[in-house]
Amino acid sequence: MYGRDPWGGPLEINAADSATDDDRSRNLQDFDRAALSRPLDETQQSWLLGPMEQKKKKYVDLGCVVVSRKIFVWTVGTLLAAGFIAGFITLIVKTVPRHHHSHPPPDNYTLALHKALMFFNAQKSGPLPKHNNVSWRGNSGMKDGISDPAVRQNLVGGFYDAGDAIKFNFPASFAMTMLSWSVIEYSAKYEAAGELNHIKETIKWGTDYLLKTFNSSADKIDRIYAQVGAGDTSGGSTTPNDHYCWERPEDIDYQRPVYVCHSCSDLAAEMAAALAAASIVFKDSKTYSQKLVHGAKTVFQFSRDQRSRYTGSSSDPPSHFYNSTGYWDEFVWGGAWLYYATGNVTYLDLATNRKMARHAGAFWGGPDYGVLSWDNKLAGTQVLLSRLRLFLSPGYPYEDMLSTFHNQTSIIMCSYLPVFTSFNRTKGGLIQLNHGRPQPLQYVVNAAFLATLYSDYLEAADTPGWYCGPNFYSIEVLREFAKTQHVHHRGASIPNNRVRYNCKGGWKWRDSPKPNPNIVVGAMVAGPDKNDGFRDVRTNYNYTEPTLAGNAGLVAALVALSGDRTGIDKNTIFSAVPPMFPTPPPPPAPWKP
């Protein structure tokens with residue numbers, strides 16, 4: 001007899017198996033007793049008992065720490081997932097081709113700035129620092145002032161003015177003022193270019209020397225040592241001096257007289273401007289900054305007490321080279337800088353005095369109106385005081401003159417634009433700020449600096465432009481003007497071959513048509529003539545000679561145009577200026593009965 005096997009296939013049923021239920025029951029009991037007589041393995045137990053529900057543990061014993069199972073599982077899972085993601089990202093990074101993104105190269109203005117600053121290293125007099133980085137220069141002028149029997153004053157140091165070896169305080173002070181102004185406004189750009197320490201060292205080299213040229217520790221003085229060296233060759237003079245002789249500064253063997261002035265308002269006020277501006281540059285060096293401020297106040301008081309131009313009568317007056325046309329513009333310029341350096345409103349009163357401004361030429365115009373130079377500081381002063389109105393707005397009693405200066409600054413900026421005819425231009429586009437006279441570039445770079453700086457003032461004041469009559473011009477027009485406006489040296493012309501050439505021995509190098517054996521890196525030459533002509537002849541200083549004042553303007557213009565449009569430093573120049581309006585007193589305590 002066959003039945004159906006539930007696992008598949010026939011299942012044979014024994015027909016003889018016809019025992020009764022009692023028999024089967026006894027057989028099963030015998031089977032059960034036999035089965036229980038030996039232990040069951042795990043498989044058998046599972047068959048017999050079915051699956052048993054095991055209780056999960058809530059904690060995990062890690063030996064020294066017992067933690068929750070959920071936390072343990074979550075932590076391990078997170079670590080595994082993070083490892084997987086990190087490995088996946090690493091795999092992608094290693095397999096994807098790499099593209100190296102380098103920083104963009106410096107712009108041309110920054111590259112030129114590096115070189116322009118090197119010019120000042122080449123002009124240093126005195127014991128040179130080890131890091132001066134001009135291989136063909138050495139110590140020179142080590143007896144300046146000391147060797148003059150009428151003076152016996154240590155005047156070692158400072159800068160030579162140009163291709164000669166004369167040290168003029170007047171243009172040198174203007175150069176230091178311009179460099180300091182550029183640092184105050186654009187210190188972030190100097191730092192980005194890696195030149196902030198360099199420019200500050202350059203300024204300090206100049207101001208350290210200026211402090212030597214008068215009794216800077218006194219409150220009252222009666223003289224300034226205004227010039228070291230002589231250069232008069234008029235009347236066919238053959239007296240050895242810094243113009244007749246052509247020698248390296250390191251080889252000078254002739255006498256270098258000192259010119260002393262006892263009444264020189266223009267020079268003294270310009271020196272005060274230089275020291276005051278530098279005191280803001282070095283405001284974090286408290287001792288040195290205070291020394292500069294004290295010297296500035298002393299020399300400015302001297303300028304006010306002894307009224308006279310410094311280019312007076314002398315056996316070798318500076319008027320042969322840097323003739324000053326007046327001192328009123330220096331009074332306003334020096335007063336403005338001293339106000340920023342001290343916060344003393346007495347200086348602001350003077351700088352905004354209407355009579356003072358009229359004497360300086362603020363209202364009458366003229367052919368040189370708007371031209372900033374070592375001789376005329378009015379245009380620079382007007383821009384400098386427009387800054388005060390734009391950002392602090394001091395109000396009465398200064399608003400009247402400050403608004404006048406602001407309006408005059410707008411007129412100056414209009415005169416720089418090609419659509420106006422205040423100044424001619426060469427066919428090449430160079431503005432003739434000196435009306436075709438020689439050495440034009442020094443005036444051009446100063447104007448480029450003022451235009452860029454004023455555009456940054458307007459931008460910082462959220463002003464998109466300015467009016468020239470009924471026409472409105474954007475600030476970009478000023479920057480475009482600045483961008484479109486852009487060597488006679490004895491030390492560079494004589495080889496550094498350990499041969500000392502005497503006074504006339506160097507003439508063969510002066511008159512040689514060959515290039516200079518030494519390069520004056522960064523030197524801006526005097527410039528082309530009114531017809532765009534340029535004679536590259538060493539003996540013609542009107543074309544090829546660089547100057548301290550001219551190169552200071554170049555540095556200022558380059559840093560203003562360089563790098564990103566980070567703008568000006570709005571606040572540093574006002575660091576010594578107290579609040580215009582005093583803080584109101586606290587309200588009285590509430591009344592109580």
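Identify all residues within the range 262-287 that are surrounded by fewer than 24 Cβ atoms within 10 Å (Cβ to Cβ) and over 23 Å from the mean Cα position of the chain (by Cα); write none if there are none.
His262, Ser263
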In the range 106-129, how many residues are surrounded by fewer than 23 Cβ atoms within 10 Å (Cβ to Cβ), on the phi < 0 side of the Ramachandran plot and not aliphatic (A, V, I, L, M)?
10
All positions within the range 130-144 that are closer than 23 Å to Val228 by Cβ and either open to solvent by 10 Å² or more (accessible area, probe 1.4 Å) or among the polar types (S, T, N, Q) (or both)
Asn132, Val134, Trp136, Arg137, Gly138, Asn139, Ser140, Gly141, Met142, Lys143
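How many residues are open to solvent by 100 Å² or more (accessible area, probe 1.4 Å) and farther than 16 Å from Gly343 by Cα when one looks only at the range 545-583? Walk me through how you get there before you give the answer.
Step one: filter the range 545-583 for residues open to solvent by 100 Å² or more (accessible area, probe 1.4 Å), giving 564-565, 571, 579, 581-583.
Going one step further and asking which of them are farther than 16 Å from Gly343 by Cα, we end up with 564-565, 583.
Qualifying residue count for the region: 3.
Okay, residues lined up against (1) more than 19 Å from Ser173 (Cβ to Cβ); (2) of a type outside the set (D, E, K, R); (3) in contact with a Gly (Cβ under 9 Å, 6 or more places away or on another chain):
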site: Leu210; (1), (2), (3): no, yes, yes
site: Asp219; (1), (2), (3): yes, no, no
site: Val228; (1), (2), (3): no, yes, yes
site: Ser237; (1), (2), (3): yes, yes, no
site: Asp242; (1), (2), (3): yes, no, yes
site: Pro249; (1), (2), (3): yes, yes, yes
site: Ala273; (1), (2), (3): no, yes, yes
Outside any helix (DSSP H, G or I) and among the polar types (S, T, N, Q), is that true of Ser422?
yes
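State whether one or more residues within the range 269-279 are farther than 11 Å from Thr207 by Cβ and modelled with pLDDT under 95. Steps first, answer last, please.
Of the residues in the range 269-279, the ones farther than 11 Å from Thr207 by Cβ are 269-270, 272-273.
Filter once more, keeping what is modelled with pLDDT under 95: none.
Among the residues of the range 269-279, not one is farther than 11 Å from Thr207 by Cβ and modelled with pLDDT under 95, which makes the answer no.
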Residues being out of contact with any His (no Cβ under 9 Å at 6 or more places or on another chain) and open to solvent by 40 Å² or more (accessible area, probe 1.4 Å) - total across the range 213-236
4
Taking the range 547-593 and keeping residues under 12 Å from the mean Cα position of the chain (by Cα) and aliphatic (A, V, I, L, M) leaves Val555, Ala556, Ala557, Leu558, Val559, Ala560, Leu561, Ile568
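Yes or no, residue by residue, for (1) in contact with a Phe, Trp or Tyr (Cβ under 7 Å, 6 or more places away or on another chain); (2) in a helix (DSSP H, G or I); (3) of a type in the set (Lys, Arg); (4) modelled with pLDDT under 55:
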residue	(1), (2), (3), (4)
Gln45	no, yes, no, yes
Pro51	no, no, no, yes
Leu80	no, yes, no, no
Gly83	no, yes, no, no
Phe88	no, yes, no, no
Phe119	no, yes, no, no
If I filter the range 403-438 down to residues being farther than 21 Å from Ser474 by Cα and within 27 Å of the chain's Cα centre (by Cα), which single residue comes out as surrounded by the most Cβ atoms within 10 Å (Cβ to Cβ)?
Leu433
Residues in the range 141-162: is at least one at pLDDT below 90, closer than 11 Å to Leu548 by Cβ and in the same structural domain as Leu548 (by the TED database)?
yes
Pairs with Cβ under 9 Å, 6+ apart, first in the range 355-375 and within 20 Å of Thr421 (Cβ to Cβ) and assigned by the TED database to the domain that holds Ala448, second buried (at least 18 other Cβ atoms within 10 Å of the Cβ) and among the charged types (D, E, K, R)
Asp368/Asp375
Confirm whether Lys204 is outside any loop (DSSP other than H, G, I, E, B), among the basic types (Lys, Arg) and on the phi < 0 side of the Ramachandran plot.
yes
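The values are calculated or read from the model by the stated rules, or taken from the named source; none is laboratory data. Everything numeric in this text was worked out from a predicted model, so none of it was measured. Positions of Cβ are generated from backbone atoms using ideal geometry, with glycine treated the same way; all protein chains shown enter the neighbour counts. Calculation scope for accessible area: heavy atoms of the full protein, side chains included, ligands and nucleic acids excluded. Shrake-Rupley method; radii C 1.70, N 1.55, O 1.52, S 1.80 Å.
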